[in-house]
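Undergrad: Below is the structure I would like to discuss, written out as structure tokens.
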Amino acid sequence: GNLVGLTKLNIGSNHLKALPASLADLAQLVKLKINNNEFNIVPPPVLELFALKRLEAYGNEFTAIPSTIAQLSQLTILNMSQNQLRTLPPEIGVLSNITDLRLSHNDLEGLPSEVGGLQSLTLLHLAHNRLEALPPEAGFWSALTELNIATNKMTALPVELGLLTILSRLDMANNDISVPPVEVVMRGPADVVDFMRRICDAKYSGILNLSGKSLKLVNPEIFQIEGLRVLNMSDNLLTWIPDTFHTMTLLTELAVSNNQLSTLPPSLASCEALERLDISGNRT
């Protein structure tokens, strides 16, 4: 009726369980707040508000986001924190204009690879879920400056995170992450990105330089990089190196100088292509 010219609507905190179909008539609506209600599905009329740029829907009882979310192609801000989401639809990757996505305090166990399509993201909050990993496609979030993945079940970050060169805020507390190692994490997001980028690049160049990173341990995953020819781990705090050189048949150069090593792993003898070995400045 007379409200068709509305551009902003706040109906938050009203114990609502459904919305009338006539809501879809608000064709000029760009900002909608339906937070802190009792919706257990995203109200269908909301998905017909094609001009919508901001949707605040936190604090409801959603268990899923419908695939028709793809119709809201103008969205730049989407907040669905504090719901009961278990999965995301692949179609969410179509929302290439989203800059701010908040999905904290849900039950997400994984993200579809299609999230790589969210290439405008500058802020992504995924804290307090059940995520075990981020997909490699996270490397496409090149505009991302803030990432919160605290309190999940992650053990490693994807090496593609090294492509996020302007990431300045990273919260990964309350996980069990060993890649990157804690001494790198403690030095801040820039060091995390740099560490992961070096590993990412090594997969293509065959050269990995981890010198001067204050490393106390070497992640075994490093020795699983196929085609590694040069490995530099000099100027760290290493007291031992994993005995996992068996598969590194192409390694021609190894530098572990200026560490605290007293022995070298026996499997190093498997590196028949090795031409240069630098172990100076250790305890060997």
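The values are calculated or read from the model by the stated rules, or taken from the named source; none is laboratory data. Keep in mind the model is a prediction, meaning the values are calculated, not measured. Note that each Cβ is placed from the backbone with ideal geometry, even for glycine, and that neighbours are counted across all protein chains shown. All accessible areas refer to the heavy atoms of the entire protein, side chains included, with ligands and DNA or RNA removed. Shrake-Rupley method; radii C 1.70, N 1.55, O 1.52, S 1.80 Å.
Undergrad: Which of the peptides 149-155, 97-103 is most tightly packed, and how do the rest follow, judged by the mean count of other Cβ atoms within 10 Å per residue?
TA: 97-103, 149-155
Undergrad: When the convex hull of the Cα atoms of the stretch 131-202 is projected onto a plane and the area is averaged over all directions, what value comes out in nm²?
TA: On the way: hull surface 16.1 nm².
About 4.0 nm², averaged over all directions.
Undergrad: Right, next: What's the local net charge at K33, with K and R +1, D and E -1, over the other residues with C-beta under 14 Å away?
TA: Details: positive: K8, K31, K53, R54, R102; negative: E56.
My count for the surroundings of K33 gives +4.
Undergrad: With a cut-off of 8 Å between alpha carbons and a minimum separation of six or more residues, what is the relative contact order of the chain in percent?
TA: It comes to 8 percent, rounded to a whole number.
Undergrad: Percentage of Cα-Cα pair distances in the stretch 78-120 greater than 11 Å, rounded to whole percent?
TA: That fraction is 65 percent.
Undergrad: Roughly what would the spin-label model give for Q260 and T87, points 7 Å off Cα along C-beta, in nm?
TA: For Q260 paired with T87, the spin-label model returns 4.8 nm.
Undergrad: Rank by packing, highest mean first: peptides 268-275, 85-92, with packing defined as the count of other Cβ atoms within 10 Å averaged across residues.
TA: Working: 268-275: 13.8, 85-92: 17.2.
Result, highest mean Cβ count within 10 Å first: 85-92, 268-275.
Undergrad: Over the C-alpha atoms of the stretch 19-81, what are the Rg and the largest Cα-to-Cα span, Dmax, in Å?
TA: Every Cα atom of the stretch 19-81 included, Rg and Dmax give 10.6, 28 Å.
Undergrad: Okay, helix-only estimate at 222 nm for the chain: each DSSP H run of n ≥ 4 adds -39500 (n - 2.57), divide by all residues, round to 500 deg cm²/dmol; what do you get? Please list the in-between numbers first.
TA: On the way: 2 runs with 21 residues, N = 284.
Using -39500 (n - 2.57) per qualifying helix, the result is -2000 deg cm²/dmol.
Undergrad: Right, next: Cross-link candidates for K216: which lysines have Cα within less than 29 Å, leaving aside residues fewer than 8 places away along the same chain?
TA: Here the lysines satisfying the reach criterion relative to K216 are K153, K203.
Undergrad: Further, regarding this structure: Pull up the cross-link candidates among the lysines for K8, meaning alpha carbon to alpha carbon under 18 Å and not fewer than 8 places away within one chain.
TA: K31, K33, K53
Undergrad: Sticking with this one: Looking at the calculated P(r) for the stretch 165-233, what percent of the C-alpha pair distances fall above 16 Å?
TA: Values: 1094 of 2346 pairs.
Percent of Cα pairs beyond 16 Å in the stretch 165-233: 47.
Undergrad: Given a 1.4 angstrom probe, what's the average accessible area per residue across the chain, in square angstrom? Let's see the in-between values first.
TA: On the way: 13190 Å² over 284 residues.
Value for the chain: 46 Å² per residue.
Undergrad: Using just the Cα positions, wrap the stretch 201-278 in a convex hull and report its mean projected area in square nanometres, one decimal place.
TA: Its Cα hull, projected and averaged over all orientations, spans 4.4 nm².
Undergrad: Once you treat every alpha carbon in the stretch 132-284 as an equal point and sum by Debye, what is log10 I(q)/I(0) at q = 0.09, 0.20 Å⁻¹?
TA: -0.30, -1.25
Undergrad: Further question: Taking all protein chains as present, what is the carbon and sulfur share of the accessible area of the stretch 43-199, in % to the nearest whole number, probe 1.4 Å?
TA: On the way: 3010 of 6180 Å².
On the stretch 43-199, the fraction of accessible area on carbon and sulfur atoms equals 49 percent.
Undergrad: Step through the residues of the stretch 72-83 one at a time and calculate ³J(HN,Hα) from phi using the Karplus curve (6.51 cos²θ - 1.76 cosθ + 1.60, θ = phi - 60°), rounding each to whole Hz and writing x for Gly and Pro.
TA: Those phi angles translate into 8, 6, 8, 4, 10, 10, 9, 10, 10, 5, 6, 10 Hz.
Undergrad: Further question: Check the straight Cα-Cα distances from K213 and name the aspartates and glutamates below 17 Å, setting aside those fewer than 8 residues away within the same chain.
TA: Candidates past the 8-residue exclusion: E183, D191, D194, D201, E221, D235.
Undergrad: Extent of the stretch 1-158 along each principal axis, from alpha carbon coordinates, in Å, largest to smallest?
TA: 53, 28, 23
Undergrad: Specify the angular offset, from 0 to 90 degrees and rounded to the nearest 10, of the alpha carbon long axis of helix 189-205 from the longest principal axis of the alpha carbons in the chain.
TA: Roughly 70 degrees, rounded to the nearest 10.
Undergrad: Counting just the Cα atoms, what span does the chain cover along each of its three principal axes? Round to the nearest Å and put the largest first.
TA: That works out to 83, 29, 26 Å along the principal axes.
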